[in-house]
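Below is one structure; the comments refer to it alone.
None of the figures in this text is laboratory data; all of them are computed from the coordinates on show. Note that the coordinates shown come from a computational prediction; the quantities given were computed from them, not determined experimentally. Reconstructed Cβ throughout: ideal geometry from the backbone, glycine too, with neighbour counts over all protein chains shown.
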């Protein structure tokens, strides 16, 4: 019984040490860089990587969630709504919006957030990829983004 208790305490200490190490690993990446420099590393709203990721994920989701053969065929009026670093999070983000035309001829509003360097180890690490969260109004049947795409648009 005593041995199990000692092993459990040792395992917790090792887990805490690993978490502390990973947390401190992010500090040098953020130290000495200004907010503008960190935001400059985040892809812009009209970046082709961002738009192709949105198109691919929308087509995949429409086929598997909505059970429809639907795709984004046109993106127009792309604009950056807001950009933020260190308010309140150190993660650099861009909030974007555009009008989209879908393959069935309908039009809708697309909103998305591009967050730079997010992942398991923490914000600001150069080797962690950027992430895109998006929502097409009227195509969120499970209300993942609050039904009205509130989680992907700058509303506060």
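Going by average Cβ density within 10 Å per residue, which order do the peptides 134-141, 61-68 take, highest to lowest?
Ranked by mean Cβ neighbours within 10 Å, highest first: 134-141, 61-68.
May I ask you to derive the relative contact order of the stretch 33-152, considering only C-alpha pairs under 8 Å and at least 6 residues apart, and to give it as an integer percent? Present the calculation step by step, with values, prior to reporting the outcome.
Values: 222 pairs, mean separation 24.8, N = 120.
Dividing the mean separation by the residue count of the stretch 33-152 yields 21 percent.
How much length is gained if the chain between residue 67 and residue 52 is pulled fully straight, taking 0.36 nm per residue apart and subtracting their Cα-Cα distance, in nm to one decimal? Walk me through the intermediate numbers first.
On the way: separation 15, 0.36 × 15 = 5.40 nm, distance 2.09 nm.
3.3 nm is the gain from fully extending residue 67 to residue 52.
State the extension gain, in nm to one decimal, for the chain segment bounded by residue 142 and residue 108, taking 0.36 nm per residue of separation less the distance between their alpha-carbons. Numbers along the way, then the final one.
Values: separation 34, 0.36 × 34 = 12.24 nm, distance 1.75 nm.
In short, 10.5 nm is gained.
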